[in-house]
Amino acid sequence: GAVVSQHPSRVICKSGTSVKIECRSLDFQATTMFWYRQFPKKSLMLMATSNEGSKATYEQGVEKDKFLINHASLTLSTLTVTSAHPEDSSFYICSARDQNGYTFGSGTRLTVV
Amino acid sequence: QQQVKQSPQSLIVQKGGIPIINCAYENTAFDYFPWYQQFPGKGPALLIAIRPDVSEKKEGRFTISFNKSAKQFSLHIMDSQPGDSATYFCAASKGSSNTGKLIFGQGTTLQVKP
């Protein structure tokens, strides 16, 4: 089946620094990928839709200058959390859709100290 | 109109029991209804999905029942096992293109007691 690889699985960074999270579709091409944020014991909140070769589409209330998305190829999307602060600490998950539905990465636990 | 409402928030059953999780949606344009299972610290994994042209779908111990007129769908887990203890999410999306956004329910934490 389809596999989406997300890296890193965990990252701790200092407040004010930037962190990049990668999402790769390993065995299929994804013109569209999705980025979610999940708080403890809560549901997945869609942050943005990443489009290969064009700008991402952000959901209402998501700061596009804070969460930079780049979809450079048909198999790679990146999310960069810029000038991270403790309130950005969360579980970030990417997803891509293939012919069988949506496949999710294993998530990235970001902790900003 | 984009919401998917899921209940109950949590559920405890004995091994062998049949937990049932319910979801309701408003947007009649939704045409894809998956269920995901998530373990702590992991991404969601697809369990089973249904489209509105069928009323029931079964895969192994997992069954989706779909009521198009009521705009409701549910997940049944037959012969539940302690290993089924996880958080379950229903979801919905519209359109057959790859750009359709997936909208999640609030999640149900299931505990299956030995």
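Can you give me the pair-distance distribution of chain B, C-alpha pairs, 10 Å bins, whole percents?
15, 49, 30, 7, 0
Given Cβ point charges of +1 (Lys, Arg) and -1 (Asp, Glu) and nothing else, what value in debye, to the nearest 20, does the dipole of the protein assembly as shown about its Cα centre take?
The dipole magnitude comes to about 360 debye.
Could you bin all the Cα-Cα distances of region A:28-113 into 5 Å bins starting at 0 and give me the percent of pairs in each, rounded to whole numbers?
Answer for region A:28-113: a P(r) of 3, 15, 25, 26, 19, 8, 3, 0, 0 percent.
What whole-number distance in Å separates the alpha-carbon centres of region B:28-59 and region A:23-69?
Between the Cα centres of region B:28-59 and region A:23-69 lies a distance of 20 Å.
Using a Cα-Cα cut-off of under 14 Å, which aspartates and glutamates could be cross-linked to B:Lys15, ignoring same-chain neighbours fewer than 8 residues away?
Hits, sequence-local ones excluded: B:Asp79, B:Asp84.
Need one value: the accessible area of A:His7 in square angstrom, 1.4 angstrom probe, rounded to the nearest 10.
It works out to around 120 Å².
Let me check I've understood the local charge: for A:Ser90, count other residues with C-beta under 14 angstrom from its C-beta, Lys and Arg +1, Asp and Glu -1. What total comes out?
With Lys, Arg at +1 and Asp, Glu at -1, the neighbours total +3.
What is the protein assembly as shown by shape, rounded, prolate or oblate, if you read a ≥ b ≥ c off the alpha carbon gyration tensor as root eigenvalues and call it rounded for a/c under 1.5, prolate for a/b larger than b/c, and oblate otherwise?
Prolate, since a/c reaches 1.5 and a/b exceeds b/c.
Check the cysteines of the protein assembly as shown one by one and keep only those with no other cysteine Cβ under 4.7 Å from their own.
Flagged as lacking a Cys partner: A:Cys13.
Determine the dipole magnitude for chain A: charges of +1 sit on the beta-carbon of Lys and Arg, -1 on that of Asp and Glu, nothing else is charged, the reference point is the Cα centre, and the result goes in debye to the nearest 20.
Charge dipole of chain A: 280 debye, to the nearest 20.
Could you give the size of the charge dipole of region B:25-70 about its Cα centre, using +1 on the Cβ of each K and R and -1 on the Cβ of each D and E, expressed in debye and rounded to the nearest 20?
Its charge dipole is roughly 200 debye.
Just to confirm a number: summing +1 for Lys and Arg and -1 for Asp and Glu over residues other than B:Ala24 whose beta-carbon lies under 9 angstrom from that of B:Ala24, what do you get?
Local net charge: +1.
Ignoring ligands and nucleic acids, what accessible area does A:Glu87 show with a 1.4 Å probe (Å², nearest 10)?
Solvent-accessible area, nearest 10 Å²: 130 Å².
Would you mind classifying region B:39-105 by shape? Square roots of the alpha carbon gyration tensor eigenvalues, ordered a ≥ b ≥ c; an a/c under 1.5 is rounded, otherwise it is prolate if a/b is larger than b/c and oblate if not.
In terms of gyration-tensor shape, oblate.
Below 21 Å Cα-Cα, how many Lys pairs turn up in region B:42-114? Only count pairs eight or more apart in sequence, or on different chains, if you could.
10
Relative contact order, percent, of chain A when contacts are C-alpha pairs under 8 Å separated by at least 6 residues?
Worked out over chain A, it gives 37 percent.
Would you tally the net charge around B:Asp79, using a Cβ to Cβ cut-off of less than 9 Å, leaving B:Asp79 out, and scoring K and R as +1, D and E as -1?
Summing Lys/Arg as +1 and Asp/Glu as -1 gives +2.
The values are calculated or read from the model by the stated rules, or taken from the named source; none is laboratory data. Just so we're clear, the structure is a prediction, and the values are computed from it rather than from any experiment. All Cβ positions, glycine included, derive from the backbone under ideal geometry; neighbour counts span all protein chains shown. Note: accessible area is taken over every heavy atom of the protein model, side chains too, but ligands, DNA and RNA are not part of it. Shrake-Rupley method; radii C 1.70, N 1.55, O 1.52, S 1.80 Å.
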